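S.K.: Could you have a look at this structure, given as structure tokens, before my questions?
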Number of protein chains: 2
Amino acid sequence: MKATGPIPAGYGMADGELAIGGVSASALVEKAGDTPLFVYSSAHLRQRVEELRAAMPRRLALHYAMKANPFPPLLALMHALVDGFDVASGGELEMALDAGANPDKISFAGPGKRDRDLERAITLGVTLNCESEGEVARALTIGARLATTPKLAVRVNPSFDLKGSGMKMGGGAKPFGVDAERVPALVKHITNAGAQWQGFHIYAGSQALSADAIIAMQAQTLDLVVELTDAIGMSPTKVNLGGGFGIPYFPGDTPVDIGAVGMALEARFSRLPSSLADTHFCIELGRYMVGEAGVYLTRIVDRKISHGELFLVTDGGLHHQLAASGNFGTVIRRNYPVAVATRVAAEPEEVATIVGCLCTPLDKLSDSAHLPRADAGDLVAIFCAGAYGASASPANFLGQGPAAELLV
Amino acid sequence: MKATGPIPAGYGMADGELAIGGVSASALVEKAGDTPLFVYSSAHLRQRVEELRAAMPRRLALHYAMKANPFPPLLALMHALVDGFDVASGGELEMALDAGANPDKISFAGPGKRDRDLERAITLGVTLNCESEGEVARALTIGARLATTPKLAVRVNPSFDLKGSGMKMGGGAKPFGVDAERVPALVKHITNAGAQWQGFHIYAGSQALSADAIIAMQAQTLDLVVELTDAIGMSPTKVNLGGGFGIPYFPGDTPVDIGAVGMALEARFSRLPSSLADTHFCIELGRYMVGEAGVYLTRIVDRKISHGELFLVTDGGLHHQLAASGNFGTVIRRNYPVAVATRVAAEPEEVATIVGCLCTPLDKLSDSAHLPRADAGDLVAIFCAGAYGASASPANFLGQGPAAELLV
């Protein structure tokens, strides 16, 4: 038997079933018309942003990194809740605009922006987080051709990383940003060329659960901002401090103490030099804002025994849940939080492995978990499905196609 | 510096560039209209099937496992080349029909078939490779309701696996097929119920490069078929011996000696008992038929240095090349074969890491390879892109969308 991850707070029960937003899993599937189905809870999303507002310094703006989940109705809700969007491609930029985002409140990072992406962003007045000297040169050329002043921030490749993070984005040679020591010269080049220098974007890592690690990273980030500001001799208009706030996926994981992070950041803000008195600070969060607000519901199609082991075969799989299957950015597969959604009131009574419908041994949703008895027709819930689920999985693998999605 | 995998045979040069089907990479991109682009060579596909025909016993039918690549023009070509299609979902079934496949020549495997999939297959007269007693029961119920006799083969979970294979599908508890010892009773149940029993499907693993391992697996598979046939007392109409033929992806990999495999199978066929004299045998190959026939072309957008290391940033990435990025079914990332497609005649002169355009450190296409000097605008080729590329990658990740595809 293997442990499963912690089920996020905020989910209830209705008619003996898992309820999301007060509606039972079966009723949600009926509403959507089919399984598999991603359900996103707007109550959960609102509460998460409220908690962040309460914990973080008032001075800190909250941006949504929409790569975590670009489902249009969810984007529209996030637009109403947050202070800005961070986009990572030309496609995401269009989705952000469709959700009502003001180009002024959008910043665009990503190491492989094409000329057409730069042109669109410059035309709209979106801030480009420039990833290299080459990208700055292209943006300046395009700005000149369009007779439009580009808004250029510099993404800095910091020499530190986020300790204990799932994904390190700084420390050593990286394809992201400009090495810190070359940033002052690049900023001077930007201002000399007549572009509007917007400030810095510094992203050192993601998916950390330790408040101490995030506090240390934010302190190092602000030290670097002070140092760069001194070296440049001009104050940045905006500073994006990155993200890094993780969510608990696996057995033993505990939530980030955002109260501690906010207090430390408040204290650090109070010691900033006067050169940064008018600078606007933000953090960009994706997974932390939306990850725990999503549940993936899939129906059991078959219950079978092989060599004494019980398998529950579902109509879902890694084509919607690549990360939960252990095939995306993880070396050792561990179980996400899982439940039999139609039997949440029942006691666990058997050990079952839940697999998807794909013809590959990689397609495992939950390995040897202790669960209530479940049969064909029952619904399985995989939690923490709000981020990097639907859009970060190979939906068309084996001719399957995308899952349904529902914001409730 | 890290090694790269072996570039498959059959690619040439035109105007100093990589040529596919005699056309230069630049001309192919111009024809397709954009990068990134998958190009599939029909000459390569034809030659591969011819080589298989020459090597394998005449008695062995060749089926295409279309999960490897369901691009419609490629499917239409494969339909003309092979003896049948193996599909793994209701979606693939429709694509096979669209490509002109005769339902009689289609078999349908997959552990999570839904009732609607079973209904469609039974109506069409497609052979179902049944994965469990439960699935047989559902198929019989649906057949009775439709007053149509279902064609049912039994997928057997063998007690052996394919040694050295990239993906083991047999040996121990599996979600695939029915444990061998329960198969005779299930076949009797199928025939007693009046369904048309089609035979066996036995798939022990995939992506093996050792002829000896494949020969041993095929021998074990045929031993099992003899044993099951004896136990049942009826001869199977068809036997699908599975696949398992790998292709060289990584440094040091060498091709399967299919001549040796074919000779061993011929010898084994000659010793089969008379009960199997009229049985039709086939193998199903996906990756082996199409993998080396595909090349992924992506354009360099940026050339940048970080902490002394050179990065070539492309407009492609893991959203089209999940396996090449090392994030699908592999524990240790190794380099696929790679070339600067627009500089194939030039000598290697620098060590570069080729990354995709996504904002994640997972998005690496080639790590620290020795390459000719390449600049923004040059095209990079990733080989072995014909199987499990476009359809097995998260195309919509970060708002990117699918790559173009071209059969030449």
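S.K.: Of all residues in region B:146-174, count the ones that are open to solvent by less than 20 Å² (accessible area, probe 1.4 Å) and closer than 22 Å to B:GLY125 by Cβ.
M.R.: Of the residues in that region, 5 qualify.
S.K.: Further, regarding this structure: Based on what the data block shows, is B:GLU284 within 17 Å of the chain's Cα centre (by Cα), farther than 22 Å from B:LEU18 by Cα and surrounded by 24 or more Cβ atoms within 10 Å (Cβ to Cβ)?
M.R.: yes
S.K.: Please verify whether A:GLY386 is closer than 22 Å to A:GLU30 by Cα, of a type in the set (Gly, Ala, Ser) and within 12 Å of chain B (Cβ to nearest Cβ), treating the condition exactly as stated.
M.R.: Spelling it out, it is not the case that A:GLY386 is closer than 22 Å to A:GLU30 by Cα, of a type in the set (Gly, Ala, Ser) and within 12 Å of chain B (Cβ to nearest Cβ).
S.K.: Working carefully through the options B:ALA376, B:ALA395, B:ALA404, B:ALA369, find the one that is closer than 23 Å to A:LEU358 by Cβ and small (Gly, Ala, Ser).
M.R.: B:ALA395
S.K.: Right, something else. Just checking, how many residues over region A:47-88 are in contact with a strand residue (DSSP E or B) (Cβ under 8 Å, 6 or more places away or on another chain) and polar (S, T, N, Q)?
M.R.: Matching residues across region A:47-88 total 1.
S.K.: Could you list, in sequence order, the residues of region B:245-281 that are of a type in the set (Gly, Ala, Ser), assigned to a loop (DSSP other than H, G, I, E, B) and surrounded by 16 or more Cβ atoms within 10 Å (Cβ to Cβ)?
M.R.: Selection gives B:GLY246 alone.
S.K.: When the residues of region B:292-310 are narrowed to those that are open to solvent by less than 10 Å² (accessible area, probe 1.4 Å) and hydrophobic (A, V, I, L, M, F, W, C), which ends up farthest from B:GLY386 (Cα to Cα)?
M.R.: Per the stated criteria, the residue is B:ILE300.
S.K.: Please specify each residue of region A:175-224 satisfying the condition of being surrounded by fewer than 21 Cβ atoms within 10 Å (Cβ to Cβ), within 21 Å of A:ALA264 (Cα to Cα) and of a type in the set (Ser, Thr, Tyr).
M.R.: Within region A:175-224, just A:SER210 meets the criteria.
S.K.: Return only the number of the condition from (1) in contact with a His (Cβ under 6 Å, 6 or more places away or on another chain); (2) more than 8 Å from chain B (Cβ to nearest Cβ); (3) without any contact (Cβ under 8 Å) to a residue 40 or more places away in the chain; (4) closer than 23 Å to B:HIS319 by Cα that A:ALA101 does not satisfy.
M.R.: Condition (4) is where A:ALA101 drops out.
S.K.: Something else about it: What is the residue count in region A:225-244 for residues that are among the hydrophobic types (A, V, I, L, M, F, W, C) and open to solvent by less than 10 Å² (accessible area, probe 1.4 Å)?
M.R.: The total comes to 4.
S.K.: Let me ask something else. Determine which single condition A:SER393 fails, assuming it passes every other condition in (1) facing chain B (nearest Cβ under 8 Å); (2) modelled with pLDDT under 95.
M.R.: It is condition (2) that A:SER393 fails.
Okay, residues lined up against (1) over 29 Å from the mean Cα position of the chain (by Cα); (2) free of Cβ contacts under 8 Å to residues at least 60 places away in the same chain; (3) closer than 30 Å to B:GLU292 by Cβ; (4) within 13 Å of chain A (Cβ to nearest Cβ):
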residue	(1), (2), (3), (4)
B:ASN129	no, no, yes, yes
B:GLU135	no, yes, no, yes
B:ILE142	yes, yes, no, no
B:THR149	yes, yes, no, no
B:ARG155	no, yes, yes, yes
B:LEU162	no, no, yes, yes
B:ASN192	yes, yes, no, no
B:HIS201	no, no, yes, yes
B:ASP230	yes, yes, no, no
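S.K.: Considering region B:354-408 alone, what residues qualify as being closer than 30 Å to B:ALA65 by Cβ, open to solvent by 20 Å² or more (accessible area, probe 1.4 Å) and polar (S, T, N, Q)?
M.R.: B:ASN396, B:GLN400
S.K.: Quickly run through region B:190-216 and pick out the residues that are of a type outside the set (Ser, Thr, Tyr) and within 21 Å of B:GLY110 (Cβ to Cβ).
M.R.: Once the filter is applied, which keeps residues that are of a type outside the set (Ser, Thr, Tyr) and within 21 Å of B:GLY110 (Cβ to Cβ), region B:190-216 yields B:ILE190, B:ALA195, B:GLN196, B:TRP197, B:GLN198, B:GLY199, B:PHE200, B:HIS201, B:ILE202, B:ALA204, B:GLY205, B:GLN207.
S.K.: Quick check on B:GLY134: is it farther than 20 Å from A:CYS359 by Cα, assigned by TED's automatic domain parsing to the domain that holds B:ALA195 and surrounded by fewer than 20 Cβ atoms within 10 Å (Cβ to Cβ)?
M.R.: Judged against the criteria, B:GLY134 is not a match.
S.K.: Here's another thing I want to ask about it. Does A:GLY326 satisfy being crowded, with 24+ Cβ neighbours inside 10 Å and either within 28 Å of B:THR360 (Cβ to Cβ) or under 18 Å from the mean Cα position of the chain (by Cα) (or both)?
M.R.: For A:GLY326, the condition - crowded, with 24+ Cβ neighbours inside 10 Å and either within 28 Å of B:THR360 (Cβ to Cβ) or under 18 Å from the mean Cα position of the chain (by Cα) (or both) - is not met.
S.K.: When you go through B:LEU398, B:LEU358 one by one, which is the residue that is in contact with a helix residue (DSSP H, G or I) (Cβ under 7 Å, 6 or more places away or on another chain), within 11 Å of chain A (Cβ to nearest Cβ), part of a helix (DSSP H, G or I) and touching a residue at least 12 places away in the same chain (Cβ under 8 Å)?
M.R.: B:LEU398
S.K.: Further, regarding this structure: Give the residue that is nearest to the other protein chains (Cβ to nearest Cβ), with candidates limited to residues of region B:164-177 that are at negative phi and in contact (Cβ under 8 Å) with a residue 40 or more places away in the chain.
M.R.: Here the answer is B:PRO175.
S.K.: If you don't mind, there's one more thing I want to ask. Would a scan of region B:390-403 turn up a residue that is within 20 Å of the chain's Cα centre (by Cα), farther than 21 Å from A:SER206 by Cα and hydroxyl-bearing (Ser, Thr, Tyr)?
M.R.: yes
S.K.: If you take just the strands (runs of 3 or more DSSP E) that sit entirely in region B:285-342, which of them hold at least 1 residues that are under 14 Å from B:ILE382 (Cβ atoms), within 14 Å of chain A (Cβ to nearest Cβ) and among the hydrophobic types (A, V, I, L, M, F, W, C)?
M.R.: So the answer is B:294-306, B:309-314.
The values are calculated or read from the model by the stated rules, or taken from the named source; none is laboratory data. Keep in mind the model is a prediction, meaning the values are calculated, not measured. When we count neighbours, we look across all protein chains shown, and the Cβ atoms used for this are built from the backbone with ideal geometry, even at glycine. We work out accessible area using only protein heavy atoms, side chains counted, and drop any ligands, DNA or RNA first. Shrake-Rupley method; radii C 1.70, N 1.55, O 1.52, S 1.80 Å.
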